[in-house]
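Encoded as structure tokens, the structure appears first; notes follow it.
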Amino acid sequence: IRDRYVGTKNFSQIFTDPTISGPFMKIFLWNFTYAALSVLFTFVIGLSFALVLNNNSLRGRSLYRTLLIIPWAIPAFISVLIWKNGFFNETYGIINKFIVSGLLNKEAIQWMTNPFWAKIAVLIVNTWLGFPYMMTVSLGALQSIPDELYEAASIDGASKNQRFWKITFPLLMTTVAPLLVGSFAFNFNNFVNIYLLTGGGPAIPNTSTPAGATDILISYTYKLAFEAGRGQDFGFASAISILIFFIVAGISLVNFRISGSFEEVNR
């Protein structure tokens, strides 16, 4: 077989072939949304629990901390399969059983066949898996903030909200901001959760590639290389892999520079 020079064909068809460009842009936008919302939800929930556990007057803090860290301690693939088969199963899942035969008396949610609910399911599971890490990081950062700052602020008449936004949050972000960037990059390429929970589905119609509504770029690349209906399209999958590299590198560079502004708090 005579070799052919492909050049930039695999890159150009992303933008010139309508059956590829349309689904690709949906996956591209969802990938950013999925990563951003995952970081936001895990950080907000983790920080909320950290603020509660940082209260020295709270009884049973060690017990609560142990219970809240369980989702992080259990292997992710086991948790994902439990959520998929135990909670999000459309026939006998716990959530649909409660909705159909419980107090709500509503129709069952199509967790795996409806694009909107499939995305909600993915975000719920990723938040469940990620908030213990954010809680642990935030708790460590909170305990490093000197109590004298809060005492001085109280003497000056600062309210709890003012103390949080003027003292706690800026000093917290000095430590946590780079970790948020890392978390974004991790979720941007979080293949395991997507593939095990929804398999990237449900499928996007009118496309010549195996694109799904919950696919992110890395799961889409895997399908192209190993599950494509038109064969193992390693060339196109490699082109998208290169794009993923530049996207993650660019986002990390920009966000690390932005997060560097928080270092001014210590000056």
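Here is a check on your reading of the model: is THR207 of a type in the set (Val, Ile, Thr), farther than 30 Å from ILE95 by Cα and either modelled with pLDDT of 90 or more or crowded, with 18+ Cβ neighbours inside 10 Å (or both)?
Answer is yes for this residue.
Do you know which of the residues in segment 182-202 that are closer than 19 Å to PHE236 by Cα and not in a helix (DSSP H, G or I) is least open to solvent (accessible area, probe 1.4 Å)?
GLY200
Failed condition for PHE169, given (1) farther than 26 Å from LEU29 by Cβ; (2) open to solvent by less than 50 Å² (accessible area, probe 1.4 Å), with all others met?
Failing condition for PHE169: (2).
Identify the single condition in (1) modelled with pLDDT of 90 or more; (2) surrounded by fewer than 20 Cβ atoms within 10 Å (Cβ to Cβ); (3) closer than 27 Å to PHE186 by Cα; (4) not β-branched (Val, Ile, Thr) that ALA73 does not satisfy, given that it satisfies every other one.
Looking at each condition in turn, ALA73 falls short on (1).
Looking at (1) in contact with a helix residue (DSSP H, G or I) (Cβ under 6 Å, 6 or more places away or on another chain); (2) within 27 Å of GLY22 (Cα to Cα), find the lone condition where GLY199 falls short.
In the conditions (1) in contact with a helix residue (DSSP H, G or I) (Cβ under 6 Å, 6 or more places away or on another chain); (2) within 27 Å of GLY22 (Cα to Cα), GLY199 misses (1) alone.
Can you tell me which of LEU123, LEU179 is open to solvent by less than 50 Å² (accessible area, probe 1.4 Å), hydrophobic (A, V, I, L, M, F, W, C) and closer than 18 Å to LEU37 by Cα?
LEU123
Within segment 91-113, restricting attention to residues that are at pLDDT 85 or above and touching a helix residue (DSSP H, G or I) at 6+ places or on another chain (Cβ under 7 Å), which residue is surrounded by the most Cβ atoms within 10 Å (Cβ to Cβ)?
Applying the filter and picking the extreme gives TRP111.
Working only within segment 41-90, note down all residues that are in a loop (DSSP other than H, G, I, E, B), in contact (Cβ under 8 Å) with a residue 40 or more places away in the chain and within 17 Å of ILE124 (Cα to Cα).
Those that are in a loop (DSSP other than H, G, I, E, B), in contact (Cβ under 8 Å) with a residue 40 or more places away in the chain and within 17 Å of ILE124 (Cα to Cα): ILE69, PHE88.
For segment 51-97, give me each residue that is closer than 16 Å to GLY130 by Cβ and among the polar types (S, T, N, Q).
SER79, the sole residue that qualifies.
Does ILE155 satisfy being farther than 21 Å from SER38 by Cβ, crowded, with 17+ Cβ neighbours inside 10 Å and of a type in the set (A, V, I, L, M)?
no
State whether the residues of segment 100-114 include one that is assigned to a helix (DSSP H, G or I) and within 28 Å of PRO202 (Cα to Cα).
Checking segment 100-114: at least one residue is assigned to a helix (DSSP H, G or I) and within 28 Å of PRO202 (Cα to Cα).
The values are calculated or read from the model by the stated rules, or taken from the named source; none is laboratory data. Quantities reported herein were computed from a predicted structural model and do not represent experimental measurements. Neighbour counts run over all protein chains shown; Cβ positions are idealised from the backbone, glycine included. Keep in mind that these areas ignore ligands, DNA and RNA; they rest on the heavy atoms of the full protein, side chains included. Shrake-Rupley method; radii C 1.70, N 1.55, O 1.52, S 1.80 Å.
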